[in-house]
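The values are calculated or read from the model by the stated rules, or taken from the named source; none is laboratory data. Treat the numbers as computed from the prediction; the structure is a model and nothing was measured. Because the Cβ atoms are built from the backbone with ideal geometry, glycine has one as well, and the counts that use them run over all protein chains shown.
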Ligand SMILES: [Zn+2]
């Protein structure tokens, strides 16, 4: 993030980044809801606070930003040009936590599904059809 933002601008940007209802998550939730799936949002009682928990199928869904979770290819997020070391550390920590949390969830007998931001941007309908197959199979 640039250092020349005002306090208000900064908090606005951060809330957009951290916001619980940032857009890809909302899109996926709406789709699932319209297709009859009932879920909990941001369940803090489970490792990694999954974005979506579908109790009927004992399934959790994470909607991951490609930048924050270092998706292969990084089509929609590149290493920042400034404070590079800081960000690399930060993102590596996210990835470590992801792996840990997915393992813990699997030990708890949850099916773990990751939906990537780029998949949503590239072909939302297709990704959602696949997602439903993954959930119900
Ligand atoms: Zn991606």
*From the list 44, 20, which one is more than 20 Å from residue 110 (Cα to Cα) and either modelled with pLDDT of 95 or more or assigned to a loop (DSSP other than H, G, I, E, B) (or both)?*
20
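Just to check your reading of the model, which residue among 124, 67 is within 14 Å of the ligand (Cβ to nearest atom) and more than 14 Å from residue 28 (Cβ to Cβ)?
Criteria check complete, one pass: 67.
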*asked:* For the stretch 55-70, which positions are farther than 14 Å from residue 135 by Cβ and in contact with a strand residue (DSSP E or B) (Cβ under 7 Å, 6 or more places away or on another chain)?
replied: 64, 66
*Please indicate, with yes or no, whether at least one residue in the stretch 104-120 is within 11 Å of the ligand (Cβ to nearest atom), in contact (Cβ under 8 Å) with a residue 12 or more places away in the chain, in contact with a helix residue (DSSP H, G or I) (Cβ under 8 Å, 6 or more places away or on another chain) and part of a helix (DSSP H, G or I).*
yes
*Selected residue (criterion: farthest from the ligand (Cβ to nearest atom)) from residues of the stretch 47-64 that are out of contact with any helix residue (DSSP H, G or I) (no Cβ under 6 Å at 6 or more places or on another chain) and assigned to a loop (DSSP other than H, G, I, E, B)*: 58
